[in-house]
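Remarks on the structure that follows.
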Amino acid sequence: MKRHNTRIRQIRRWAILCLLIYSACLLYWMFFGFGRTVRHDLPMRANLVPLYTVWYYLSAGSGLTITARLVNLLGNVAVFIPVGLLIPLAAGRLLTAGRHIEKKETMNTMFTDLKTRIDSPDVEELLSYAVISDPGELERVHAEYKEEAALQLYGWEDEGLLVGLIGFEMTEDGSIDIRHIAVLPENRGKGYARGMILELLAERQPRYVVAETEDESAANFYRSLGFMVYSLGENPSGIEQLRCVYEVEESED
């Protein structure tokens, strides 16, 4: 795991370095590259007015062929593709950068222990969203949280309504192993799941956070928070298992 954590850190640092260098190149290309010279037949503000240059190249007065116009426009799109690839890799550090601010502003009184009310209907409903649609599996998971002291179950209440929960275990090596996470369907997309993970990071200060899933959309959610996602291969049912890992760097503690 040490080697794995070091690899994650190296990937982020290289991504940040590459992003800075490429951004500097883009600025140079925008104003000085490709043999650019001062055009006295165009206003000097051409590169400073949004879409002005695009309008010029599309207009009939530009004197350019259709092919030249398309090459120019597609080229302007293509040069920004590397930026879109580098930003998610470099942004892994952003997960915890604002966690203390978010905690103070939104979550101090909303994150509560659910094990004392695990038999309540609202907790059971949320837990059912986090497990496969099998009554037997739901009963097994419910019993585990009820009987095993090592398993923790916390929820996020918004104005008295339980809108989400997260089940996890603190391992001996100081990591958080996320077992289940769920938000009410009508409240999804509002940042509740992200907020619960941020709260765990702030309160428990783990070395890293681990979650396993077979749902690609769930994996994309973890990616958006800075997790690195790895394939564990296919399970006996032929479904790919994914392992999502987020390392908390020492400087973030």
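What follows is calculated from the coordinates using simple rules that are stated; it is not laboratory data. This is a predicted model, so every value here is computed, not measured. We place every Cβ from the backbone using ideal geometry, glycine too, and count neighbours over all the protein chains shown.
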Which whole-angstrom value gives the distance between the alpha carbon centres of the range 63-83 and the range 181-236?
38
Is the C-alpha gyration tensor of the range 133-181 telling us rounded, prolate or oblate? Criteria: a/c under 1.5 is rounded; beyond that, a/b larger than b/c is prolate, otherwise oblate.
oblate
Taking amide H positions as placed in the peptide plane 1.01 Å from N, state which residues far from D158 in sequence (5 or more) or on other chains have amide H under 5 Å from it.
V163
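When you count, for each residue, the other Cβ atoms within 10 Å and take the mean per peptide, how do 198-210, 168-180 rank with the highest first? Before the final figure, lay out each step's value.
Working: 198-210: 18.8, 168-180: 16.4.
Top of the packing list down: 198-210, 168-180.
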Rounded, prolate or oblate: which fits the range 98-252, taking a ≥ b ≥ c as square roots of the Cα gyration tensor eigenvalues, rounded meaning a/c under 1.5, else prolate when a/b beats b/c?
rounded
